[in-house]
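Asks: Before I ask anything, here is the structure I am working with.
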Amino acid sequence: MKHLKKGDEVKVLSGKDKGRVGKILKIINPSHCIVSGIQVQKNSIKANPNQNQQGGFENKEMPIPLCKVSKYNSKNKKSERTFVLVQENGKKIIEFVSNRSK
């Protein structure tokens, strides 16, 4: 079962954006995702006078490997490891390790 999905809040563990927090916009494949405001690059746009389109630059989020992000707990203000808890009725719940009762 995947621990991360679209809309989850994550924290970047390594790279140029280390320590920043953002929401997952899209899961590209099982190993990469796009996070809002993370790994932003400038792309140039060529002008097209036939369509009245101006040239310039746009900011675009690039994919980041899932191994470089972890789920962020907004209550504790830190990222934590997660585990899957299976209830008696078979429903699966993803919880943070610090909330786990021993």
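Asks: Through the Karplus equation 6.51 cos²θ - 1.76 cosθ + 1.60, θ set to phi - 60°, convert the phi angles of region 39-56 into ³J(HN,Hα) values in whole Hz; use x for Gly and Pro.
Replies: 6, 8, 10, 8, 10, 8, 10, 7, 6, 9, x, 5, 9, 6, 10, 7, x, x
Asks: At 0.36 nm per residue, minus the direct Cα-Cα distance, what do Met62 and Ser31 gain on full extension? Give it in nm, one decimal, please.
Replies: Details: separation 31, 0.36 × 31 = 11.16 nm, distance 1.35 nm.
So the chain would gain 9.8 nm between Met62 and Ser31.
Asks: Taking one equal scatterer on every alpha-carbon of the chain, how large is log10 of I(q)/I(0) by Debye at q = 0.15, 0.16, 0.24, 0.25 1/Å?
Replies: -0.70, -0.76, -1.25, -1.30
Asks: Need the full-extension length gain, Asn43 to Lys91, defined as separation in residues times 0.36 nm minus the C-alpha distance. One decimal, nm. Walk me through the intermediate numbers first.
Replies: Details: separation 48, 0.36 × 48 = 17.28 nm, distance 4.37 nm.
Gain on extension, Asn43 to Lys91, equals 12.9 nm.
Asks: Sticking with this one: What length, rounded to one decimal in nm, is gained on full extension from Ser74 through to Lys18, with 0.36 nm per residue of separation minus their alpha-carbon distance? Show your work: numbers first, answer last.
Replies: Details: separation 56, 0.36 × 56 = 20.16 nm, distance 1.70 nm.
18.5 nm is the gain from fully extending Ser74 to Lys18.
Asks: To continue, here is another question. Can you give me the % of accessible surface on region 1-69 that is carbon or sulfur? Probe 1.4 Å, all protein chains present, nothing else counted. The partial results should precede the final answer.
Replies: Values: 2410 of 4930 Å².
Roughly 49 percent, rounded to a whole number.
Asks: Using a probe radius of 1.4 Å on heavy atoms only, what accessible surface per residue do you get for the chain? Whole Å² is fine.
Replies: On the way: 7710 Å² over 102 residues.
Value returned for the chain: 76 Å² of accessible area per residue.
The values are calculated or read from the model by the stated rules, or taken from the named source; none is laboratory data. These figures come from a predicted structure and were not determined experimentally. Surface accessibility is based on the protein's heavy atoms, side chains included, excluding ligands, DNA and RNA. Shrake-Rupley method; radii C 1.70, N 1.55, O 1.52, S 1.80 Å.
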